[in-house]
Amino acid sequence: MDDSRLVIGVDESGKGDFFGPLVIAAFCAPDSDKAALERLGVRDSKTIAEKKLLGIDEILRRDFPYELVVIGPEKYNELHARIRNLNKLLAWGHARAIENVLLKNPASLAISDKFGDARLIERALMEKGKEIEIQQIVRGESIIQVAAASIIARATFVRQIHALSDRLHMKIPRGAGPPVDTAARALVSKQGVDILKQVAKVHFKNYSRVVHPTLL
């Protein structure tokens, strides 16, 4: 293996969260930087405490090439209503992030955590005239560049949720469980049902549970 080769890692955050955006990050580094990234604490973002996560993220964004695609709830709802397939939407976002990194960093390989057919990303890239080998790997965060992308994506999502909590003057929970339904009902009682289209992903079952509880 050529340790000098540039590899782009791609990962997303917010896919399973009712509130907030879908964030996709692409991170570029040679394989020779693996030891340095490990010393920094780079690993699967889900295993890192929030304060430490945000600190590692700042260093990664300062010292390495990266790109972010942040799809806010309103745009997300528009795209999902049009595409009607989450994997295709993810592929579109992954392709945009990879394409933006490639503009300045001539990587030959992009690796993402597996979410669907890798050809979806390849086709989205080819539409823009970009060609790169795409690999999707189960537990992709075992690849250091994907782990770094997962940190940048999750840290960005966390900051977005904090900003949304400040904007709405209430704590916005993550995920899609019962606390999310409770928060959504409280929000609708204050601002009306249309607020959900601005701050949440309305194809989630949470939306129906909050807006049409008698139909469930």
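The values are calculated or read from the model by the stated rules, or taken from the named source; none is laboratory data. All values reported here derive from a predicted model rather than from experimental measurement. Methodologically, a virtual Cβ is constructed for each residue, glycine included, from the backbone with ideal geometry; neighbour enumeration extends over all protein chains shown.
The residue pairs whose first member lies in the stretch 166-195 and is in contact (Cβ under 8 Å) with a residue 40 or more places away in the chain, whose second member is surrounded by fewer than 14 Cβ atoms within 10 Å (Cβ to Cβ) and not in a helix (DSSP H, G or I), and whose beta carbons are closer than 8 Å, counting only pairs six or more residues apart or on different chains, are 175/16; 176/16; 183/170; 183/171. In the set 25, 110, only one residue is modelled with pLDDT of 95 or more, buried (at least 22 other Cβ atoms within 10 Å of the Cβ) and within 16 Å of residue 141 (Cα to Cα); that residue is 25. Only one of the numbered conditions (1) more than 21 Å from residue 199 (Cβ to Cβ); (2) touching a residue at least 40 places away in the same chain (Cβ under 8 Å); (3) in a helix (DSSP H, G or I) is not met by residue 59, and that is (2). Among the residues of the stretch 63-79, are any more than 19 Å from the chain's Cα centre (by Cα) and either surrounded by 14 or more Cβ atoms within 10 Å (Cβ to Cβ) or part of a helix (DSSP H, G or I) (or both)? Yes, there is a match, as at least one residue in the stretch 63-79 is more than 19 Å from the chain's Cα centre (by Cα) and either surrounded by 14 or more Cβ atoms within 10 Å (Cβ to Cβ) or part of a helix (DSSP H, G or I) (or both).
Here residue 183 passes the criteria (1) in a helix (DSSP H, G or I); (2) surrounded by fewer than 17 Cβ atoms within 10 Å (Cβ to Cβ); (3) touching a Lys or Arg at 6+ places or on another chain (Cβ under 9 Å); (4) not polar (S, T, N, Q) except the one numbered (2).
All conditions in (1) out of contact with any Lys or Arg (no Cβ under 7 Å at 6 or more places or on another chain); (2) within 18 Å of residue 132 (Cβ to Cβ); (3) outside any loop (DSSP other than H, G, I, E, B) hold for residue 99, with the sole exception of (1).
For the stretch 134-172, the set of residues classified as surrounded by 16 or more Cβ atoms within 10 Å (Cβ to Cβ) and under 15 Å from residue 73 (Cβ atoms) consists of 156, 157, 160, 161, 164, 165, 168, 172, listed by residue number. Does at least one position in the stretch 168-180 carry a residue that is in contact with a Leu (Cβ under 9 Å, 6 or more places away or on another chain) and assigned to a helix (DSSP H, G or I)? Yes.
Of the residues making up the stretch 140-158, at least one is under 14 Å from residue 11 (Cα atoms) and in a loop (DSSP other than H, G, I, E, B). Of all the listed residues (104, 46, 88, 15), the sole one being part of a loop (DSSP other than H, G, I, E, B), closer than 30 Å to residue 196 by Cα and modelled with pLDDT under 95 is 15.
Within the option set 209, 174, being modelled with pLDDT under 95 and of a type in the set (Lys, Arg) holds for one residue only, 209.
Among the residues of the stretch 57-84, those that are under 22 Å from residue 110 (Cα atoms) and not basic (Lys, Arg) comprise 57, 59, 60, 63, 64, 65, 66, 67, 68, 69, 70, 71.
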